[in-house]
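Notes for the one structure printed next.
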Amino acid sequence: RKGNFDTAESLLRLFGEKGELIGPNEFIPLAEKNGMIDEITWMVLKKVCKFMAEHPELPLKTVSVNMSIQQLEDYNFVNKVRQIRTAYGIPAECIRIEITERVMAENPRLVQAVMNKMAEEGIRFYLDDFGIGYSNLASVISLPFETVKLDSSIIRDIDKDEKMLDVVRLLVPMLHNAGFVIVAEGIETQKQSQLVKELEIDRIQGFYYAKPMSEKNLH
């Protein structure tokens, strides 16, 4: 509605020895398998907090960080998040934590307990990649999510597939009535952007707006 941006998502990019780009779909599963994802995630949160502290002139109200089940299973998770953000003077309301439906499905009771505790501190959650089949609306509504991000697999064909457009048209008011902010992921064309605007989706994310960029390019 405002026609500008005030939120961002932190993304991981890895470069090989010869400078080639290695996609997260390749290295994240390896990091999880080899027990490195925990260290990587805390590194990202530190970099996000440091960046926000160093650039108060940016119009960023929040930056989100993706978390895996390994972080949520850490009994010291809440304290770690608090220690990192307070070390850089970042208020709780400036941080958003993104978790996927897969994480929810792995240990729903634990996820709910951790989310409730974090919500008490003022940190809000995004449900990432909604619509790829791991959860249902009932489980989503029972958790303290602020925002639901519709997966790009749902969004990318709405300008070509009438059935998918009808599905999104029904889904949006249900999520709004449940109190969620809705983000459409994977917006790559002007037509897609216009369609999600007409559907009253709150925010867009995708190459049409901006491709992933370095810290230097962002500020």
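The values are calculated or read from the model by the stated rules, or taken from the named source; none is laboratory data. Because the structure is a prediction, the values reported are computed rather than measured. Methodologically, a virtual Cβ is constructed for each residue, glycine included, from the backbone with ideal geometry; neighbour enumeration extends over all protein chains shown. Surface areas here come from the heavy atoms of the whole protein model, side chains and all, with no ligands, DNA or RNA. Shrake-Rupley method; radii C 1.70, N 1.55, O 1.52, S 1.80 Å.
Might you report the magnitude of the Cβ-based charge dipole of segment 1-102 about its Cα centre, with Lys and Arg at +1 and Asp and Glu at -1, to the nearest 20 debye? Display every interim value, and only then the final one.
Values: 14 positive and 15 negative charges, 70 e Å.
Dipole size: approximately 340 debye.
Nearest 0.05, what FRET efficiency do Glu93 and Glu162 give at R0 = 30 Å with Cβ-Cβ as r?
On the way: r = 40 Å, r/R0 = 1.33.
It comes to 0.15.
Classify segment 114-219 as rounded, prolate or oblate from the Cα gyration tensor: take a ≥ b ≥ c as the square roots of its eigenvalues, call it rounded if a/c is under 1.5, otherwise prolate when a/b beats b/c and oblate if not.
oblate
Using a cut-off of 19 Å between alpha-carbon atoms, which lysines can reach Lys197, once sequence neighbours fewer than 8 places away in the same chain are excluded?
Lys2, Lys149, Lys160, Lys163
Net charge near Tyr208, counting Lys/Arg +1 and Asp/Glu -1 over other residues with Cβ under 13 Å of its Cβ?
Around Tyr208, the charge tally is +2.
From the residues Met213, Val114, Leu143, which one has its Cα farthest along the dipole of the chain in the positive direction, the dipole being from +1 and -1 charges on Cβ of Lys/Arg and Asp/Glu about the Cα centre?
Toward the positive end, the furthest listed residue is Met213.
Under unit Cβ charges (Lys, Arg +1; Asp, Glu -1), what dipole magnitude, rounded to 20 debye, does the chain have relative to its Cα centre?
It comes to approximately 440 debye.
Can you put Ser142, Ser10 in order of accessible area, largest first, using a 1.4 Å probe?
Ser142, Ser10
What is the antiparallel percent of DSSP beta bridges lying wholly in the chain, to the nearest 5?
Just about 10 percent of them are antiparallel.
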